[in-house]
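Note sheet for the following structure.
The values are calculated or read from the model by the stated rules, or taken from the named source; none is laboratory data. Note that the structure is a prediction, hence the values are computed from the model and not measured. Positions of Cβ are generated from backbone atoms using ideal geometry, with glycine treated the same way; all protein chains shown enter the neighbour counts.
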Amino acid sequence: VQACWLVHRVCSTDAGFCQLKSTLFCLPIVPVSNVVVTPSSTDLIEFNSSVSLSCSSSGSPRSYTWLNGSSEVTASEGVQITDGGSTLTIISVTRYDQGPFRCRAFNLVSHDISGPVSLSISCELLTFGPENTNMTLSPSQEYHEKGSDIILSCSAVSRPPAQFQWALNGALLSDTGPELRLNNIHMNQSGNYSCQAHNIKTLRNETSQPSRVTVLGWLPCEPWQQHHPP
């Protein structure tokens, strides 16, 4: 399939009269195909999350329209259509933005429509936290003998349940999960330990109060032992 344009040009000559020249331009047009919608996220919080949906397709230069269910989506307050119509952005989603969304791509000779994309939008009342992030140490003492084992546990009030990451002296470690086990501990592992709780829905973080862990090559004696060795 080709699209053709007839271009007329008027040229002047030295003889003082004008000459009309016409040129026919034809370009092949490839039909539209492979229309796909890709969302930036599908798990969202009502009034707290924003989302962008990108439409991609194959074929000659295309135009785009968006559908939410059977209704066409137009730009408005909180709804942006950019990148030549191929990107739809919804600011502060509501329960009415769950879709299904489809993208329609078209050019001079054909059109095609994407498959449906639905968004999961949770009510903020059902999600909260993390709050009251707390860390406990076992055994619950500051001084620990080199080679001993220590267990640090982290908890938080959160819905959905929080994810945890551990930190030493404020620097995040690769260790994750609600429990950190320090087996056969060494002196270079001394420091202030804390845990960070993260909620994947609210996208909030909270860090526990730090607990000091001091590893010694020997444990200090109790005062009475200093004068009465066993």
Note: among Q209, Q189, Q165, just one is under 22 Å from the mean Cα position of the chain (by Cα) and not small (G, A, S), namely Q165
Per the list (1) modelled with pLDDT of 95 or more; (2) charged (D, E, K, R); (3) touching a helix residue (DSSP H, G or I) at 6+ places or on another chain (Cβ under 8 Å), residue check on R104 breaks on (3)
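Each row is one residue, and each column tells you yes or no for (1) crowded, with 16+ Cβ neighbours inside 10 Å; (2) over 21 Å from the mean Cα position of the chain (by Cα).
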{"residue": "S110", "(1), (2)": "yes, yes"}
{"residue": "S114", "(1), (2)": "yes, yes"}
{"residue": "V117", "(1), (2)": "yes, no"}
{"residue": "T127", "(1), (2)": "yes, no"}
{"residue": "T133", "(1), (2)": "yes, yes"}
{"residue": "T136", "(1), (2)": "no, yes"}
{"residue": "Q141", "(1), (2)": "no, yes"}
{"residue": "S148", "(1), (2)": "no, yes"}
Scanning the range 84-108 residue by residue, the ones that are closer than 15 Å to T38 by Cβ, under 21 Å from the mean Cα position of the chain (by Cα) and not β-branched (V, I, T) total 5
Within the range 168-209, the residues that are over 28 Å from L44 (Cα atoms) and hydroxyl-bearing (S, T, Y) are S190, Y193, S194
message = On the basis of being touching a strand residue (DSSP E or B) at 6+ places or on another chain (Cβ under 7 Å), modelled with pLDDT of 95 or more and either of a type in the set (V, I, T) or not in a strand (DSSP E or B) (or both), does T133 make the cut?
response = yes
If we keep only residues of the range 35-45 that are β-branched (V, I, T) and either more than 17 Å from the chain's Cα centre (by Cα) or assigned to a strand (DSSP E or B) (or both), then the residue farthest from R102 (Cα to Cα) is I45
Picked from the range 114-149 (must be touching a residue at least 40 places away in the same chain (Cβ under 8 Å) and of a type in the set (D, E, K, R)), the residue nearest to I45 (Cα to Cα) is E124
